[in-house]
Every structure is written in structure tokens, then in C-alpha cells.
1. Only one of these is of a type outside the set (Phe, Trp, Tyr), touching a residue at least 24 places away in the same chain (Cβ under 8 Å), farther than 28 Å from Asn153 by Cβ and touching a strand residue (DSSP E or B) at 6+ places or on another chain (Cβ under 6 Å): Asn101, Asn97, Asn90, Asn51. Name it.
2. Only one of these is open to solvent by 10 Å² or more (accessible area, probe 1.4 Å) and closer than 26 Å to Thr7 by Cα: Glu86, Glu119. Name it.
3. Restrict the check to the range 38-51 and report whether at least one residue is open to solvent by 30 Å² or more (accessible area, probe 1.4 Å), out of contact with any Lys or Arg (no Cβ under 7 Å at 6 or more places or on another chain) and either among the acidic types (Asp, Glu) or at pLDDT below 95 (or both).
4. Got a sec? Which strands (runs of 3 or more DSSP E) wholly within the range 1-48 have at least 2 residues that are in contact with a Leu (Cβ under 6 Å, 6 or more places away or on another chain)?
5. Pick out the one residue from Pro107, Pro67 that is touching a residue at least 12 places away in the same chain (Cβ under 8 Å), open to solvent by 50 Å² or more (accessible area, probe 1.4 Å), part of a loop (DSSP other than H, G, I, E, B) and closer than 26 Å to Thr7 by Cα.
6. Hey, among the residues in the range 171-201 that are part of a strand (DSSP E or B) and open to solvent by 20 Å² or more (accessible area, probe 1.4 Å), which one's nearest to Asn136 (Cα to Cα)?
7. Any chance the range 155-170 includes a residue that's part of a loop (DSSP other than H, G, I, E, B), in contact with a Ser or Thr (Cβ under 7 Å, 6 or more places away or on another chain) and hydroxyl-bearing (Ser, Thr, Tyr)?
8. Could you list, in sequence order, all residues of the range 313-334 that are open to solvent by 20 Å² or more (accessible area, probe 1.4 Å), within 28 Å of Thr211 (Cβ to Cβ) and either of a type outside the set (Lys, Arg) or at pLDDT below 95 (or both)?
Amino acid sequence: MEITKRTAASPAGDITLYRLVNDNGAWVELSSLGAGIVEVGVPDREGKIENVALSYADPADYLADGPCLGKIPGRYANRIARGYLEIDGNEYQLAINNGPNHLHGGPDGFQNKIWESKELEDGVEFTYVSQDGEENYPGILTVTATYRWNDKNELALKLHAETTAPTVVNLTNHAYWNLDGADAGTALDHEMKIRASKWLPTDHTQIPTGTLAGVGGSPMDFRMFKRIREDIFRPTRPLQIGKGYDHCWALDSWAPGKLLTDAVELRSDKSGRVMRMSTDQPGVQVYSGNWLSGSAKNKSGGNYADYDGIAIEAQGFPDAPNKPEFPTQRLNPGESYDRTIIFSFDTF
């Protein structure tokens, strides 16, 4: 494994970028801004290696970007209804930054922080300490995100957190994928398969109702490979609310600490690339890049359009702190939050 690093300036301070190249010439580039994935270069069926993770030309443009491109949002990824949080009778009002709701830990969430970083033999460990009261969350939360890259073209992300006071935490990675190449255009012709027979219906503000619904007979049915564009523009209320897919699926056979292999598979007939995501998280939020337009310049000198990339975010359920029927995202002192996400790349 060859690892090189460089720095880039940003309004938040210097960003450190690491490039990991395996023995086959495939690479990953990681950033200390938001502990993010910048690039993943993997071969297509003809052996051509190119980046398949949407990325900006300027490393500083990741700061406070709307799409949260490639980064780790937190302290709580996804939405919390009305920004309301109650823990042991104590109420906390979180920032409202997505309609009437709280999203991705607030405007100054983990995705907009420069994390400490340490080079490993086969990866990078990023660390961030969130102070008590930061974005009005209780407790000092110490978080590590450890990425490892290997010769099988597997990118493993281990997420770990500890707290000094009862709090909530929900961590994921928000990379967008286009298996035809990062700047290849629409990803709607990709096929996707999700190991989930149920999904989380939401209200009009995209907050889960608290019930699970079967996917059968609905646009949410990805139990077999299906092109993303097949149902995305069907005139159904769930898809109209967010202008496409921005929904959470409850993964089948989930149990705490159990790794679900190939929980989601994404593939492209055009390039022959396939990405398989494995995780021990209970849910996966799939976001079809419905609002990518207007983001910063990419490395081809253009701008991404809506639906140019697909985000596959393994995570706890949205609004779980207000839904006791959902798997808990509470973390207490003396406990450890440990989650795994593995992105595996291959061809077919």
C-alpha cells in the first residue's frame, strides 16, 4: 500500500488529504474535512481505473456544501423532527436547518469540521471531539472514523464514539456514487438491489411516521435488481415529496452487532462495475441526488446535475430519539458506539 498526503487551504483551516493506492493501482483519496471520501478509483470491466465517487475540484468547496458530499455528518445523521430532543427529562432544542426539522447535526455538524488524522499502514484514522453543548447536544462526544483500503478493492469504515453524558449519535458516510465515472452524467440507469422488505414511510417533511411498510407493489421494492429510473418519477406522494428517492429502508435480518453482507448492491451495465455495501447498521438511507444542481465545480470543470450520483447511507433510523419503537441511538457514559460500513468494488 502506497500512501501519500498533501494539504489544501480552506476558511476552516488546512485540510489534509490522503491518497491510498493498493498493489493493483486502485486508489482512495480521503480528506480531514468531514473525514470524507474524496475519490475511489476502481477498474471497469475493461480494466480502466477511474474515480466513481462524486468529487469537487477544490478541497475547500466541501465546506458547508449542501450535498454533504462524501463526508461524515453528525452528531446525528439524517433528520430529527422539529429539532426536538429529550433525554432523561431534559429537553434540548437543536438547530432547524431542513424545513421544520434538524438535519445532519446542524449547520456546523461534523461534516464541516476538520478532524485530526493519523496515517495507518493500510488506511487513515480520523478523530473529532465534539464538546458538550456543541449544536446543543449534551455530553463530550469523542468520535473516530477509521478507513482501511485493501488489494480486494474493499473500503472499510469503522465508526467509534464515546460520551461523557447521555446523548444520541448516528453516524454514516454520505458519498455519492456513479459507477460509470464520477463526472459521467446521470446515475439513474444504474441498477440497485436492497436486502429490505420494509421501508419507513414519512410525513410531508420527511420525518418517519414510526411505522414500517412492506415494499411489495411500491416504488420502494428493490428486493431484485431494478433500474433506479424505473419508478423514480412515478406520481406517488413519497417520491414527489423529495423529488426522488430520499428514504430509509429497514434491513432484513438486522440484529445489533451483526454484519449484513451485501446489504445494498449498485451496478452499471455500461461500465460493468458493481459496488456492494455491507453493514451492521439497522437501516440504509438511499438518496438519489435529487438536489445536486448548483453544487461546486467538479474535476471535469462542470457542475453536477440532479441524479448524477446515488448516496447509500448505512445508518440508524431517522428521528429514532423521538420514536421509542425504533432501534435506539442513545449512547451512555461507559458504553461504546461501534458501527461498520464496507464498500466493496468489483465487475460483472
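1. Asn101
2. Unique residue meeting the criteria: Glu119.
3. Yes - at least one qualifying residue is present in the range 38-51.
4. Qualifying strands (runs of 3 or more DSSP E): 2-8, 15-21, 27-31.
5. Values: Pro67 fails: open to solvent by 50 Å² or more (accessible area, probe 1.4 Å).
Every option except Pro107 fails the conditions.
6. Trp199
7. Within the range 155-170, not a single residue is part of a loop (DSSP other than H, G, I, E, B), in contact with a Ser or Thr (Cβ under 7 Å, 6 or more places away or on another chain) and hydroxyl-bearing (Ser, Thr, Tyr).
8. Taking the range 313-334 and keeping what is open to solvent by 20 Å² or more (accessible area, probe 1.4 Å), we get 321-325, 327-328, 330, 332-334.
Checking which are within 28 Å of Thr211 (Cβ to Cβ) leaves us with 321-325, 327-328, 330, 332.
Residues satisfying the conditions are Pro321, Asn322, Pro324, Glu325, Pro327, Thr328, Asn332.
The values are calculated or read from the model by the stated rules, or taken from the named source; none is laboratory data. All values reported here derive from a predicted model rather than from experimental measurement. Heads up, the Cβs are rebuilt from the backbone with ideal geometry, glycines too, and the neighbour counts pull from every protein chain shown. The accessibility values were calculated without ligands, DNA or RNA, using every heavy atom of the protein model including side chains. Shrake-Rupley method; radii C 1.70, N 1.55, O 1.52, S 1.80 Å.
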